[in-house]
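Visitor: Quick one: the structure is below, and I'll ask about it shortly.
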Amino acid sequence: MKNKILILNIKKLVSIKEKNIEKVSGKEMSFLENIDNAFLFIKDEKIHSFGKMRDFHTNEKIEEMTSLNVKSINAKNKMVFPSFCDSHTHLVYAGSREIEYIDKIKGLSYEEIAKRGGGILNSSRLINKTSENLLYRNASERINEIIKLGTGAVEIKSGYGLSLKDELKMLRVIKELKKDMPISIKSTFLGAHAVPLKYKGRQKEYVDLIINEMIPKVAEENLADYIDVFCDKGFFTEEETDRILECGNKYGLRGKIHANELDFSGGIQVGVKHNALSVDHLEFTGKEEIEILKNSQTMPTLLPGAAFFLGMKYPPARKMIDSGLAIALASDFNPGSSPSGNMQFIMSLACIKFKMITEEIINAVTLNGAYAMGMSDKLGSITKGKIANIFITKEIPSIEFMPYSFGSNLVEKVILNGKIIF
Ligand code: NIG
Ligand code: FE
């Protein structure tokens, strides 16, 4: 028998949206429709119905909702949120990089560490030595951890392989995780994350390898949903990104690129040119970039965890929203620049560092995040027919309490695909 769940006496059912809203932009981001003192009924893995408690007994489905095979949960003083959609992570990785982190604290820059063969190349060496089994085990532990923190969908990138064999290894691990884990997963091929040591001084040849061998193979084995390039100073140029995205598009892989983290790299321009689904980081965003994004279907995605951890510049989030842009927020969970997938902490950072208000933040970590992974028709809001990925909070006084209480886990119960996970 299919699971049916009825949640009663919900203090606030957060972020109700009509089916056809694919994202929210500008001023709309500060609007959230919520129901106080609500119920929510889940059936066949989907959100089936919801409403005010005072209308519960006259609801046409009352008999079905109160029948014996329905699991009922009392959420008195607790809130129900759509699960977070974390649209940018690198959570399949080997080992850890806390020694570099200490070097950073002592004053070395991210680029200096990368130049010494540290950074992404360090993770790449470790991937090469680590079995698929162990990568899978470590990544599934990380996924279980973020599920407990309220994440219900996650995008995961390759990009620490940097050879055909090891990029495929990473993508196969992600494929297995997709099959086994209760969370929704999208997979992104990031061969152009850094130039491997073997190709030092021969960057063009590495780009050729990506275009001529890696992309065709990834597409043939159907190992990725999207394609990414680290388009930034010291990594890949605008022209190289242009070539890679053009090839990716030919194989049906839409771009989700790293852009403008370290400089005005042209990444936003080339991303929009190829109708990328998202451009991410965006610490260096000016007037020109904002105008270009305004006339696009590309989701600007901000990753405050990385700028926070690296002690670097923050993107002009307020200016972007006030200019009418949509914003998604993601964790960038990775061993080098953001070793945490805690989206509640990301909410706090967006509040403190970006001066975003709670409603904007909730839209950015749910519906707009879902858009940035191509899933906003199925996830990201409390909408009839969407996949029932939700969480119930602990007893909290207000939605503002969420970004306010940084460092605490306010998630008490998680339901994914209509099933209670814990
Ligand atoms: O999103 N900016 C590029 N890539 C990652 C960092 C990866 C790493 O340092 O391992 C990021 O911050
Ligand atoms: Fe990243």
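Visitor: If you wrap a convex hull around the Cα atoms of the range 1-133, how much volume per residue is inside, in Å³? Spell out each step's value before the answer.
Guide: Numbers: hull volume 30.2 nm³, N = 133.
Considering the Cα atoms of the range 1-133, their hull volume per residue is 227 Å³.
Visitor: With bins 5 Å wide starting at 0, give me the P(r) of the range 362-422 over every alpha carbon pair, in whole percents.
Guide: Histogram of Cα-Cα distances, whole percents per bin: 4, 17, 21, 23, 22, 11, 1.
Visitor: I've got another one for you. Given 37 °C and 0.692 mPa s, how large is the Stokes-Einstein diffusion coefficient of the chain in µm²/s, with Rh as the Kirkwood radius over Cα pairs?
Guide: On the way: Rh = 21.7 Å.
Reported coefficient: 151 µm²/s.
Visitor: At 0.36 nm per residue, minus the direct Cα-Cα distance, what do residue 18 and residue 108 gain on full extension? Give it in nm, one decimal, please. Write out the running numbers ahead of the final one.
Guide: Numbers: separation 90, 0.36 × 90 = 32.40 nm, distance 4.87 nm.
Gain on stretching residue 18 to residue 108: 27.5 nm.
Visitor: By how many nm would the segment from residue 66 to residue 205 grow when fully extended, if each residue of separation counts as 0.36 nm and the alpha-carbon distance is taken off?
Guide: Working: separation 139, 0.36 × 139 = 50.04 nm, distance 6.46 nm.
So the extension gain works out to 43.6 nm.
Visitor: Next question. Give me the net charge for the shell around residue 212: Cβ to Cβ below 15 angstrom, other residues only, Lys and Arg +1, Asp and Glu -1. Walk me through the numbers before you get to the answer.
Guide: Numbers: positive: 202, 204, 217, 243, 250; negative: 167, 205, 208, 213, 220, 240, 246.
That works out to -2.
Visitor: Over the range 183-305, with a single point scatterer placed on each C-alpha, what log10 of the ratio I(q)/I(0) does the Debye formula yield at q = 0.10, 0.18 1/Å?
Guide: -0.28, -0.90
Visitor: Amide H to amide H under 5 Å from residue 186: which residues, 5+ apart in sequence or cross-chain, H placed 1.01 Å off N in plane?
Guide: Those qualifying (amide H under 5 Å, at least 5 residues apart or on another chain) are 154, 155, 156.
Visitor: Give the long-range amide H neighbours of residue 73: residues separated by 5 or more places, or on another chain, with amide H under 5 Å away, using H modelled in the peptide plane at 1.01 Å from N.
Guide: Amide H neighbours of residue 73, under 5 Å, 5+ apart: 6, 7, 8.
Visitor: Based on the Kirkwood radius over alpha-carbon pairs, what is the Stokes-Einstein translational diffusion coefficient of the range 278-323 at 25 °C with 0.890 mPa s viscosity, in µm²/s?
Guide: On the way: Rh = 11.0 Å.
Estimated diffusion coefficient is 223 µm²/s.
Visitor: Okay, moving on. May I ask you to evaluate 6.51 cos²θ - 1.76 cosθ + 1.60, the Karplus curve with θ = phi - 60°, for each residue of the range 306-317 and list the ³J(HN,Hα) values in order in whole Hz, giving x for glycine and proline?
Guide: In residue order, the calculated couplings are 6, 4, 5, 5, 8, x, 10, 5, 9, x, x, 4 Hz.
Visitor: Continuing with the same structure: Below 15 angstrom from the Cβ of residue 286, what's the summed charge of the other residues (Lys, Arg +1; Asp, Glu -1)? Before the final figure, lay out each step's value.
Guide: Numbers: positive: 287, 294, 313, 318, 319; negative: 261, 263, 283, 288, 289, 291, 322.
Net of charged neighbours comes to -2.
Visitor: Follow-up question, since we're still on this one. On average, how much accessible surface per residue is there in the range 1-94, in Å², for a 1.4 Å probe, leaving out ligands, DNA and RNA? Before the final figure, lay out each step's value.
Guide: Details: 4620 Å² over 94 residues.
Dividing the accessible area of the range 1-94 by its residue count gives 49 Å².
Visitor: Would you give the gap between the C-alpha center of the range 333-354 and the C-alpha center of the range 42-91, rounded to a whole Å?
Guide: The two parts, judged by their Cα centres, are 28 Å apart.
Visitor: If one computes P(r) from the Cα atoms of the range 287-372, what percent of pairs lie at distances over 16 Å? Write out the running numbers ahead of the final one.
Guide: Working: 1797 of 3655 pairs.
When all Cα pairs of the range 287-372 are counted, 49 percent exceed 16 Å.
Visitor: With 17 Å as the cut-off, how large is the P(r) tail for the range 161-222, expressed as percent of Cα-Cα pairs?
Guide: Pairs farther apart than 17 Å: 41 percent.
Visitor: What is the percent carbon and sulfur in the accessible area of the range 230-348, measuring with a 1.4 Å probe over the protein chains and ignoring ligands?
Guide: On the way: 1980 of 3860 Å².
Taking all protein chains in place, the range 230-348 shows 51 percent carbon and sulfur surface.
Visitor: Would you report the distance distribution of C-alpha pairs in the range 128-190 as whole percents per 5 angstrom bin, up to the bin with the largest distance?
Guide: 4, 18, 31, 25, 15, 6, 1
Visitor: Now, a different point. Let's test the formula: R0 of 35 Å, r as the Cβ-Cβ distance of residue 405 and residue 222. What FRET efficiency results, to the nearest 0.05? Let's see the in-between values first.
Guide: On the way: r = 42 Å, r/R0 = 1.20.
Rounded to the nearest 0.05, the efficiency is 0.25.
Visitor: Sorted by accessible area (1.4 Å probe), largest first, how do 189, 50, 422 line up?
Guide: Numbers: 189 0, 50 40, 422 75 Å².
In descending accessible area the options line up as 422, 50, 189.
Visitor: What is the pair-distance distribution P(r) of the range 252-291, computed from all Cα-Cα distances in 5 Å bins starting at 0, with each bin given as a whole percent?
Guide: 6, 28, 36, 21, 6, 3, 0
Visitor: A further question follows. Could you give each residue of the range 181-191 its phi-based ³J(HN,Hα) in whole Hz, using Karplus coefficients 6.51, -1.76, 1.60 with θ = phi - 60°, and x for Gly or Pro?
Guide: Rounded to whole hertz, the list is 8, x, 8, 6, 10, 10, 10, 10, 8, 10, x.
Visitor: Determine the sum of side-chain charges near residue 128: Lys and Arg each +1, Asp and Glu each -1, restricted to other residues whose C-beta is under 14 angstrom from that of residue 128.
Guide: Working: positive: 125, 129, 165, 169, 198; negative: 132, 166, 167.
Residues near residue 128 contribute +2 overall.
The values are calculated or read from the model by the stated rules, or taken from the named source; none is laboratory data. Small disclaimer: the values here were computed from a predicted structure and weren't measured. Note that we place each Cβ from the backbone using ideal geometry, even for glycine, and neighbour counts take in every protein chain shown. Heavy atoms of the whole protein, side chains included, go into the accessibility calculation; ligands, DNA and RNA do not. Shrake-Rupley method; radii C 1.70, N 1.55, O 1.52, S 1.80 Å.
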